[in-house]
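Only one structure is covered here, and it is reproduced in the block below.
The values are calculated or read from the model by the stated rules, or taken from the named source; none is laboratory data. This one's a predicted model, so the numbers in the text were calculated from it and none came from an experiment. Note that each Cβ is placed from the backbone with ideal geometry, even for glycine, and that neighbours are counted across all protein chains shown. Just the protein is used for accessible areas: all its heavy atoms, side chains included, with ligands, DNA and RNA removed. Shrake-Rupley method; radii C 1.70, N 1.55, O 1.52, S 1.80 Å.
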Amino acid sequence: MTIATRLLLAIGLAAAAVGCSSRAEPSTPSTPSTPSSPSSPARLPTDPPRVAKQWDAGAYKDKPCALLTDQQAQGMGYRVPGSVLTVDDGIAQCRRIDGSNQFVIRFFGTDLVGRIYRREMIWPGINWATPMKVVGQPALKSALPGSDECLIAVAIADNQGFDVRIDEKGVDPCVHATQAAETVMHNLGA
């Protein structure tokens with residue numbers, strides 16, 4: 001037997017041994033309310049939570065900066081007015097940049113949160129996303145502890161949603177991301 005063959009055999013046996021355990025521990029399925037940590041993320045289920053309250057935000061499709069006014073953004077420290085950009089995927093976004101800090105809101109005329117749960121779209125941080133509620137609406141938060149970025153996706157209705165991404169240096173970006181998401185929901189009438 002060659003050295004390469006022995007090495008492959010040893011790796012195969014080691015991999016098989018990892019799957020076997022002498023202790024039988026009951027496995028508990030993760031639920032959306034189970035917090036996850038970056039070292040051992042709880043995998044999101046593929047069935048999204050039900051969107052009980054439906055809000056119509058279709059008027060914001062092409063004007064996402066109206067979801068959070070410039071005055072409201074200034075209260076969070078973003079003094080530069082928002083500018084609307086439409087990126088390659090056709091989704092309009094509102095971007096506010098203040099020095100090295102950045103704030104982006106995107107409106108989706110689709111089941112954003114459901115598509116993330118069903119893995120129908122690539123969403124940053126899905127492996128460490130935490131289910132949450134924003135003013136009673138199902139949402140997901142993606143942020144690594146100590147990271148400068150926080151992303152929150154919120155279901156507005158069965159076929160609408162928005163996300164907020166904040167990149168801020170030296171502070172917890174999820175404070176402003178959560179504040180922005182809650183403000184958007186209040187602006188929609190929640």
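Would you mind stating whether I126 is under 11 Å from the mean Cα position of the chain (by Cα) and either over 21 Å from R50 (Cβ atoms) or at pLDDT 90 or above (or both)? No. Restricting the first member to the stretch 49-68 and to residues that are outside any helix (DSSP H, G or I), and the second to residues that are open to solvent by 80 Å² or more (accessible area, probe 1.4 Å), the beta-carbon pairs closer than 8 Å and six or more apart or on different chains are V51/D158; Q54/D158.
When the stretch 45-67 is filtered for residues that are in contact with a strand residue (DSSP E or B) (Cβ under 6 Å, 6 or more places away or on another chain) and either open to solvent by less than 40 Å² (accessible area, probe 1.4 Å) or modelled with pLDDT of 90 or more (or both), the ones remaining, listed by number, are P49, V51, Q54, W55, A57, P64, C65, L67. The set of residues from the stretch 86-101 being out of contact with any helix residue (DSSP H, G or I) (no Cβ under 6 Å at 6 or more places or on another chain) and either over 17 Å from A153 (Cβ atoms) or among the charged types (D, E, K, R) (or both) comprises T86, D88, D89, G90, R95, I97, D98, G99, S100, N101.
Considering every residue within the stretch 98-108, establish whether at least one is of a type in the set (A, V, I, L, M) and farther than 19 Å from A59 by Cα. Checked against the condition, which is being of a type in the set (A, V, I, L, M) and farther than 19 Å from A59 by Cα, the stretch 98-108 yields no hits at all.
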